[in-house]
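One structure is given below, encoded as structure tokens.
The values are calculated or read from the model by the stated rules, or taken from the named source; none is laboratory data. This structure is a prediction, so every number in the text was calculated from the model and none was measured. Cβ coordinates were reconstructed from backbone atoms using ideal geometry, including for glycine residues, and neighbour counts include every protein chain displayed.
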Amino acid sequence: MSLPVVGVLALQGASAAHLAAFASLGVDAREVRSREQLTGLTHLVMPGGESTTIHHLLELFDLRREIVRRHRAGELAIFGTCSGAILLGGDDGEPPPRLGLLDAVLERNAYGRQVDSFTRVVRLEALDAELRCVFIRAPKVREVGPGARVLARDGDEAILISGPGLLAATFHPELTDDSLLHTYFLRPELWNAVAPVFSVG
Ligand code: GLN
């Protein structure tokens, strides 16, 4: 298998911490701000930040169409974290418009305001591991279609889901020093199947 070529969307939000997480794994990830920087990538992280702002910048820099095209062509795996996860999902009737790649719908700011942000150690069932998860004005997964599967929950809430070539976390895996999910993302054979692990009740 050829080596992954990894990029982190760096329009707004928590891109630096993702780059550092990959660097800690010895992976030289590149910042992506232009269509040219997408060329040759096999893996792209869409970080947390502010989804409306990231949406506008994706349009402004003409990145949205190319990300969607390369993903649909099976060339680009994408890991969306927090805002990135919101944007990967389908529309919920609220701004911003979503990319509609992941068969799930996420509601922005569904835990409340900034002060309702929290950190919790969660057991990630599908990975058979525990991870300290940082939730910052996090979204909640409101719908999961047959094209996606829930890999982990915190209580009743789905917090990690996958789809073909897609991984989405409602929290910030880059803000702790455990690079478990960055390692996981680089091995799509571990998460790329569609068969459900859990179903959403
Ligand atoms: N509340 C932000 C949004 O709507 C997401 C927050 C985050 O990425 N930490 O996009």
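Here are a few things to note about the model shown:
- Some residue of region 108-117 being within 16 Å of the chain's Cα centre (by Cα) and surrounded by 19 or more Cβ atoms within 10 Å (Cβ to Cβ): no
- For Gly145, the test of being more than 16 Å from the chain's Cα centre (by Cα) and away from the ligand (no atom under 15 Å from the Cβ) is passed.
- Where helices (runs of 4 or more DSSP H) sit wholly within region 19-127, those with at least 2 residues that are within 12 Å of the ligand (Cβ to nearest atom), at pLDDT 95 or above and in contact with a Gly (Cβ under 9 Å, 6 or more places away or on another chain) occupy 51-60, 83-88.
A quick yes/no check of all residues on (1) in contact with a helix residue (DSSP H, G or I) (Cβ under 9 Å, 6 or more places away or on another chain); (2) crowded, with 16+ Cβ neighbours inside 10 Å; (3) of a type in the set (Phe, Trp, Tyr); (4) under 24 Å from Ala17 (Cα atoms):
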residue: Arg64; (1), (2), (3), (4): yes, yes, no, yes
residue: Arg70; (1), (2), (3), (4): yes, yes, no, no
residue: Leu127; (1), (2), (3), (4): yes, yes, no, yes
residue: Ile136; (1), (2), (3), (4): yes, yes, no, yes
residue: Val144; (1), (2), (3), (4): no, yes, no, no
residue: Gly147; (1), (2), (3), (4): no, no, no, no
residue: Asp154; (1), (2), (3), (4): no, yes, no, yes
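- From the options Leu57, Leu76, Leu44, residue that is within 25 Å of Thr176 (Cβ to Cβ), in contact with a Lys or Arg (Cβ under 9 Å, 6 or more places away or on another chain) and surrounded by 14 or more Cβ atoms within 10 Å (Cβ to Cβ): Leu44
- Of the set (1) part of a loop (DSSP other than H, G, I, E, B); (2) buried (at least 20 other Cβ atoms within 10 Å of the Cβ); (3) touching a helix residue (DSSP H, G or I) at 6+ places or on another chain (Cβ under 7 Å), all apply to Glu174 but (1).
- With respect to the conditions (1) under 17 Å from Arg98 (Cβ atoms); (2) over 18 Å from the mean Cα position of the chain (by Cα); (3) among the small types (Gly, Ala, Ser), Gly40 falls short on a single one, namely (1).
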